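Each value in this text was obtained by applying a stated rule to the coordinates, not by laboratory testing. Here the structure is a predicted model, which is why all the values come from computation and not from measurement. Here the Cβ is made from the backbone with ideal geometry for all residues, glycine too, and neighbour counts use every protein chain on show.
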Amino acid sequence: MKLWGGRFKKKTDELVEEYTASLPFDRRLYKCDIRGSIVHANMLAKCGIISRDEASKMVNGLREIERDIKEGKFSFDIADEDIHMAIERALIEKIGPIGGKLHTARSRNDQVVTDLRLFLKNEILTVGNLLVGLQQVLLELAEKNIGIIMPGYTHLQRAQPVFFSHHLMAYFFMFQRDFKRLKCCYKWMDSMPLGSGALAGTSFPIDREFVAKELGFYKVGENSLDAVSDRDFVVDFLAVASLLMVHLSRFCEELVLWSTEEFGFIELDEAYTTGSSIMPQKKNPDVAELIRGKSGRVFGHLMGMLTVLKGLPLAYNRDLQEDKEALFDAVDTVKMTLKVFTGMLAFLKPNPKKMKMATERGYLVATDMADYLTGKGLPFREAHEVVGKIVSFCLEKGCSFDQLNLGDYRKFSPQFDEDIFEIVKVENSVESKISQGGTSSNRVREQFGIAAKLIAEEEKWLRAH
Ligand code: ARG
């Protein structure tokens, strides 16, 4: 007999049971569910709605159930529909009809969303920890390799030389924004739904502030209809997770490219690559590719959740049950991805020679040359034109800037002097970019300092939650 079976004469169709059940996946919420139930029982007793003795029997029963589930001794039955009813049924079996009082002043509608918020708040902290770990490894890699020069690109065409560390730090700041978004997301979801009942609130004299405090929520949900039907916090998380995956995917795309024979800028550790079943020589960047690929499923969950929500009238609708698998998969994907990516990064070996070589062809210092003429008083637009002609000349001759002598330069502009030979050195080009946030080594070191402070702030926030 179903816990809700009173008004039914017929048995639920088996296929319907299977179709509607969330138990196969929402059992993952058991700890949060029991935590919420324990606080709810204590609140009922505190408010005189049940006796102290009844509450303590419930609490003991719930703790036993938690142990049973943890130890794999709990028998799950799909006929229970979901984790909430599975636990309630087990409680009644354990402590008798008193167990049936637990659901006083409560509905599965406010229960499930409380569980989900508890679950996600905790997962956000885990994701946050992993993200800080990644930022640390990234910062170390950048610090260790200061001095390596590589081509910076636009349109994937060699553009201007930059420090490899500068390039790495660009990702640091993307991840920094992801961390901030996670923090916001945590704040937004820090609202306690229990006590909203099915949709209207309850006539029992409950104490929602007590429940919120005991469960570690910042505040009580203001509107019962909103509280039971709101899944914005799931969307928020999926959006934050999606953008984080975008950043990881972009990084991985570069790692895939850089580890090719053609680029050869880096070598990925063997432990983070795989072989081919047919081509014995292959060492493939499958981890990086999978991270790039798995971003798709996280974006998919975001789109899926928006679609689930968009046509729902207030308040609870069973469609909302579709929130869980999407969220769980996104959480798992992001956590695994962060772990494996951080490992891959920790063992990544840059190849300074190859990177440097790539800066020597492609006239990457052409802008420096134009800036030089501009410094001598030529309007930048004219300087651009002059250097464009020099590039065209070199291309025809098949030579690089290095091979030009002062006479060659002066054919294009009388403003050129001996000091042009210093200007066109790649090392001098990078060091000349002294503007705030630029690639000169001092400015990159400045970023290291900022990054270290940000990491310390992030860690402080994680410790405080
Ligand atoms: N398993 C349900 C869910 O995940 C729990 C809430 C069910 N409520 C209801 N009235 N059927 O959303």
Item checked: Anisotropy class of region 2-136 from Cα gyration tensor, a/c 1.5 cut -> oblate
Margin query: Largest first, please: the extent of the C-alpha atoms of region 85-189 along each principal axis, to the nearest Å.
Written below: 75, 26, 21
Next item on the list: Mind pulling up the Rg/Rh value for the chain? Radius of gyration and Kirkwood radius, both on Cα.
Entry: 1.15
Next item on the list: Just flag the GluC sites (Glu not before Pro) in region 192-250 sitting in loop per DSSP whose Cβ has no more than 11 other Cβ atoms within 10 Å.
Entry: Glu222
Margin query: Show me the ranking of peptides 369-379, 163-173, 454-464 by mean Cβ neighbours inside 10 Å, starting with the highest.
Written below: 163-173, 369-379, 454-464
Notebook entry, point to check: What residue among Pro97, Phe164, Gly388 has its Cα farthest toward the positive end of the dipole of the chain, where the charges are +1 on Lys, Arg and -1 on Asp, Glu, each on the Cβ?
Noted result: Pro97
Next item on the list: Taking amide H positions as placed in the peptide plane 1.01 Å from N, state which residues far from Glu267 in sequence (5 or more) or on other chains have amide H under 5 Å from it.
Entry: Lys349, Asn351
Margin query: Within 10 Å, Cβ to Cβ, of Leu309, how many net charges do the neighbouring residues add up to if Lys/Arg are +1 and Asp/Glu are -1?
Written below: -3
Next item on the list: Provide the descending list of Cα extents for region 135-175 along its principal axes, expressed in whole angstroms.
Entry: 30, 22, 9
Next item on the list: Would you kindly derive the ³J(HN,Hα) couplings of region 377-386 from the backbone phi angles with the Karplus curve 6.51 cos²θ - 1.76 cosθ + 1.60 (θ = phi - 60°), listing them in order in whole Hz, with x for Gly and Pro?
Entry: x, 6, x, 3, 4, 6, 4, 4, 4, 4
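Rank the residues Thr439, Thr12 as a footprinting-exposure proxy: fewest other Cβ atoms within 10 Å of their Cβ go first. Show your work: numbers first, answer last.
On the way: Thr439 25, Thr12 14.
Fewest-to-most Cβ neighbours within 10 Å comes out as Thr12, Thr439.
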Next item on the list: With a/c under 1.5 counting as rounded, go ahead and sort region 185-233 into rounded, prolate or oblate using the C-alpha gyration tensor (a ≥ b ≥ c being the square roots of the eigenvalues; past the cut-off, prolate if a/b is larger than b/c, else oblate).
Entry: oblate
Next item on the list: Normalise the Debye intensity by I(0) for region 116-272, one equal point scatterer per Cα, no solvent, then take log10 at q = 0.11, 0.20 Å⁻¹ and round to two decimals.
Entry: -0.61, -1.25
Check: Any idea how far the Cα center of region 220-288 sits from the one of region 426-442, in Å?
Finding: 31 Å
Item checked: Dipole magnitude of region 339-462 about its Cα centre (Cβ charges: Lys, Arg +1; Asp, Glu -1), debye to nearest 20 -> 500 debye
Checklist line | Positive dipole terminus of the chain, leading residue within Leu139, Val256, Ser51 (C-beta point charges) | finding: Ser51
Next item on the list: Return the subset of Lys180/Lys335; Lys10/Lys324; Lys121/Lys335; Lys354/Lys425 for which the Cα-Cα distance in this structure is over 19 Å, preserving the input order.
Entry: Lys10/Lys324
Notebook entry, point to check: For the chain, what's the relative contact order in percent, using C-alpha pairs closer than 8 Å and at least 6 residues apart?
Noted result: 16 percent
Next item on the list: Name the residue farthest towards the positive end of the dipole of region 305-358 from the options Met336, Leu312, Pro352, assuming +1 on Cβ of Lys and Arg, -1 on Cβ of Asp and Glu, about the Cα centre.
Entry: Pro352
Checklist line | region 267-363 - convex hull of the alpha-carbon atoms, volume per residue in Å³ | finding: 181 Å³
Notebook entry, point to check: Pairs Lys11/Lys70; Lys9/Lys94; Lys57/Lys101: which exceed 22 Å Cα-Cα?
Noted result: Lys11/Lys70; Lys9/Lys94
